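I have placed the structure first, in the form of structure tokens, so that the comments after it can refer back to it.
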Ligand code: HEM
């Protein structure tokens, strides 16, 4: 085929989809052939994030706009109420995540991952899993989180030099260790004392999965299968090394637990066995913790420590709350009920999630043609297979929904109205399964560290020039009892 013919073929391909936005009256920027609206990204002029930011601002008055990611047209929702309608009220018309073929890269070994399931299979699985991940159920794990923080701090302290009562730690290292410890102890139910190498194995495998999913091979596979709608072509993208980890640490653990029968240790693995999940499903659900769950949790926890370091007044308020709670309850450990009553801690968590949501986009695919009537009476038509993006970070940093969005201000959540615009864990029936788990993990990290230390900018000279270093200085609790 001559170059001109190839060009024409692509033009027809693109124009066909361009009409989709025109016919629906949706504003969009003219796409470049093959690259869509990402031509600047390929030329290294803008990042993908900057393209979305620019278009989000450009179509300021619209409720939604169109964008082409390569050849694929996508509806980007700007209006938070429309986003809620899609995720909640119209869930039956938008019940699946977009990018389905991304899920298809997992062969049968991992294909029972909740995020991959659809229809009744998804509904039944989610109902069962929600019972495990409900706050009331996770309550029994409260002591384990604090234990994991203590263990991780001890580990990190051994590797860093102390100066008196002050220590400089690398936030990445500390948070990696803490997440590794929680997965080992709370998810897999492995006593880390009995397997010293398990945390290193978890961290190594999570890294390996990440590299495999971001590899050139995976990207090429995803692009080609999505462009050609070539759904039944599968290649092995997850290595045998990763599968070996799962065989050894998940399948073997399940077998041991099933044989022991009366194992009453509290951990997610045991809870999944107790609700009658099969080995394959448990394996796939543990896989979630090592993939998206790991990266987003890491980002959230690191940001929490960082923002506490930057905002001394907010840190002091949380410290006071911890000291008051301990003195009032005459305890050295904060339990689940007490944790939930800590208002400043709650507000702080919400503000971190607003300003820095670890996942930048929610996605949905339209599963049935439908018309949505917006709050102001506008009628918007969607058709089966329309792809929807909800730009969580942009919406949560939009002046329209959160006044002075660049200012880190937890008190904005004192007003209830702001809570409902928070999309960091998604909304509706497809909402994140791990939300409660992650919130507990974060709150125990903060209270455990601040019980004994204050977090400050580094003033000590450290061995590394990493930007993510913080200084922990030992502190002594304040007393609130008045001398009579
Ligand atoms: C800070 C950490 C995390 C954040 C910010 C986060 C955020 C999200 C978001 C935005 C979604 C899409 C929801 C929607 O579109 O309505 C999601 C889905 C999901 N998340 Fe998380 N997530 C985190 C950690 C985890 C962890 C640790 C797990 C492990 C259990 C997990 C399991 C899931 C699952 C299974 C889904 C799909 C739910 C379904 O298909 O019904 N997430 N998450």
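Just so you know, all these numbers are worked out from the coordinates, no wet-lab data involved. Just so it is clear, the structure is predicted and the values come from calculations on it, not from any experiment. Cβ placement follows ideal geometry from the backbone for every residue including glycine, while neighbour counts extend to all protein chains displayed.
Here the peptides 334-341, 427-434 are ranked by packing, the mean other Cβ count within 10 Å, and the order with the highest first is 427-434, 334-341. Ordering 201, 44 from the fewest to the most neighbouring beta carbons within 10 Å gives 44, 201.
Can you tell me the order of 411-424, 269-282 when each peptide is scored by its average per-residue count of other Cβ atoms within 10 angstrom, highest first?
For the peptides 411-424, 269-282, the packing ranking is 269-282, 411-424.
The mean sequence distance of close C-alpha pairs (under 8 Å, at least 6 residues apart), as a share of the length of region 79-474, puts its relative contact order at 27 percent. Each of 20, 188 was scored by other Cβ atoms within 10 Å of its Cβ. Arranged with the fewest first, they read 20, 188.
Based on the mean of other beta carbon atoms within 10 Å per residue, what is the order of 289-302, 368-381, 244-257, most packed first?
In descending order of packing, they fall as 289-302, 244-257, 368-381.
For the chain, evaluate the Debye formula with one uniform point scatterer on each Cα (no solvent term) and list log10 I(q)/I(0) at q = 0.06, 0.11, 0.12 Å⁻¹, rounded to two decimals. Cα-only, vacuum Debye calculation for the chain: -0.31, -1.04, -1.22. From the largest down, region 146-209 spans 37, 24, 17 angstrom on the principal axes of its Cα atoms.
With the cut-off at 1.5 for a/c, could you classify region 260-339 from its C-alpha gyration tensor as rounded, prolate or oblate? Oblate, because a/c is 1.5 or more while a/b does not exceed b/c.
What does the C-alpha gyration tensor say about the overall shape of region 311-413? Classify as rounded when a/c is under 1.5, otherwise prolate if a/b is larger than b/c, or oblate.
Details: a/c = 3.37, a/b = 2.42, b/c = 1.39.
The shape class here is prolate.
Computed over the chain, the per-residue total of -39500 (n - 2.57) for DSSP H runs of n ≥ 4 gives a 222 nm mean residue ellipticity of -15000 deg cm²/dmol, rounded to 500.
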